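Undergrad: I have a structure I would like to understand better, so I am pasting it below and will then ask my questions one at a time.
The values are calculated or read from the model by the stated rules, or taken from the named source; none is laboratory data. Since this is a predicted model, take the numbers as computed values, not measurements. Using ideal geometry, Cβ is built from the backbone for each residue, glycine included, and neighbour counts are taken over all protein chains shown.
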Amino acid sequence: MKQEPALWRVDLLANCNRSGAKGAILGWFTSPGFAVATYYRVTRWALLKGGLHKLVSMITWRRIVKDYGCYISPKAPIGAGLRLPHPIGVVVAETATLGRNVTLYQGVTIGRRLAENGAAPVLEDGVTVYANAALIGDIRIGRGAVVAANSVVLCDVPAGAVAAGAPAKVVRRKVEAGPIVEEVA
Ligand SMILES: CC(C)(COP(=O)(O)OP(=O)(O)OC[C@H]1O[C@@H](n2cnc3c(N)ncnc32)[C@H](O)[C@@H]1OP(=O)(O)O)[C@@H](O)C(=O)NCCC(=O)NCCS
């Protein structure tokens, strides 16, 4: 059985196109996206571990909020290869689910429709969400779909489609899937 590469390796490749320990050190200092993805991984790992680790989770989570203005809940599962080209003001609700190789640009919000209704979007593998888009409620964004800048997405988007506008509509059906990073050196 093929072994899955470690999450940080896929995050590193997605954000910096680098690999290995040296690449990770360089990536940490040169790519804020890789730094935020790594903080998120540590935050979630510590949360799931429980006990005193929750303190570590709280500290690293606060670090993401303070240093980058991103509010990514560690309760939200996010697949390998989280790419954050400009990690400022990204919000991911605790009930959201993100697949592998998802790209989120600055100001993206993935949240609940109403505070009292818990459901938040599911983003399948290879989804790209451009600047300042809001994806809200119990919706599913299909594999390789693209959400245009400043869109407000309130309904499902089919795989490979481009959705734009507020409220968003499908403006194009892409042929190829989104950027999927499959291999790690
Ligand atoms: C998603 C995006 C890549 C779409 O590109 P595309 O698939 O080539 O689509 P097109 O540019 O051909 O546009 C298709 C239609 O959607 C509309 N559209 C595209 N982007 C839109 C947007 N953000 N909001 C509303 N409508 C939009 C176009 O006006 C066009 O409408 P028409 O068919 O009536 O003329 C692009 O519009 C986008 O949002 N880029 C964001 C880039 C960004 O965030 N840059 C900052 C990085 S730091």
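Undergrad: Out of everything in region 108-152 that is of a type in the set (Val, Ile, Thr) and assigned to a loop (DSSP other than H, G, I, E, B), what residue ends up being nearest to PRO32 (Cα to Cα)? It would help to see each step written out before you state the result.
TA: Initial filter on region 108-152 (of a type in the set (Val, Ile, Thr)): 108-110, 122, 127-129, 136, 139, 141, 146-147, 152.
Still in the running and assigned to a loop (DSSP other than H, G, I, E, B): 108, 127, 139.
Working: VAL108: 16, VAL127: 20, ILE139: 29 Å.
Looking at the filtered set, the residue picked out is VAL108.
Undergrad: Looking at region 156-182, which of its residues are modelled with pLDDT of 95 or more and outside any strand (DSSP E or B)?
TA: ASP156, PRO158, ALA159, GLY160, GLY165, ALA166, PRO167, ALA168
Undergrad: While we're on this one: Given the residues SER57, SER31, which is the only one that is among the hydroxyl-bearing types (Ser, Thr, Tyr), more than 13 Å from the chain's Cα centre (by Cα), within 16 Å of the ligand (Cβ to nearest atom) and farther than 16 Å from VAL147 by Cβ?
TA: Only one candidate qualifies: SER31.
Undergrad: VAL65: of a type outside the set (Phe, Trp, Tyr), modelled with pLDDT of 95 or more and surrounded by fewer than 18 Cβ atoms within 10 Å (Cβ to Cβ), yes or no?
TA: Numbers: of a type outside the set (Phe, Trp, Tyr): yes; modelled with pLDDT of 95 or more: yes; surrounded by fewer than 18 Cβ atoms within 10 Å (Cβ to Cβ): yes.
Taking the combined requirement at face value, the residue satisfies it.
Undergrad: Next up: Does region 79-93 contain any residue that is within 16 Å of the ligand (Cβ to nearest atom), in contact with a Lys or Arg (Cβ under 7 Å, 6 or more places away or on another chain) and in a loop (DSSP other than H, G, I, E, B)?
TA: no
Each row is one residue, and each column tells you yes or no for (1) assigned to a helix (DSSP H, G or I); (2) in contact (Cβ under 8 Å) with a residue 24 or more places away in the chain; (3) more than 12 Å from the chain's Cα centre (by Cα).
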| residue | (1), (2), (3) |
| --- | --- |
| ARG63 | yes, yes, yes |
| LYS66 | yes, no, yes |
| THR95 | no, yes, yes |
| GLN106 | no, yes, no |
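Undergrad: Quick one: which helices (runs of 4 or more DSSP H) sit completely within region 1-58 and have at least 3 residues that are among the small types (Gly, Ala, Ser) and under 18 Å from HIS86 (Cα atoms)?
TA: 32-49
Undergrad: May I pose another question? Counting only residues that are basic (Lys, Arg) and either in contact with a Pro (Cβ under 7 Å, 6 or more places away or on another chain) or within 15 Å of ALA14 (Cβ to Cβ) (or both), which one in region 68-100 is surrounded by the most Cβ atoms within 10 Å (Cβ to Cβ)?
TA: So in region 68-100, the residues basic (Lys, Arg) come out as 75, 83, 100.
From what is left, the residues that are either in contact with a Pro (Cβ under 7 Å, 6 or more places away or on another chain) or within 15 Å of ALA14 (Cβ to Cβ) (or both) are 83, 100.
Numbers: ARG83: 23, ARG100: 21.
Taking the candidates together, the pick is ARG83.
Undergrad: Okay, moving on. Does region 99-119 contain any residue that is touching a Ser or Thr at 6+ places or on another chain (Cβ under 9 Å), modelled with pLDDT under 95, over 22 Å from ARG62 (Cα atoms) and more than 13 Å from the ligand (Cβ to nearest atom)?
TA: Yes, region 99-119 has at least one match.
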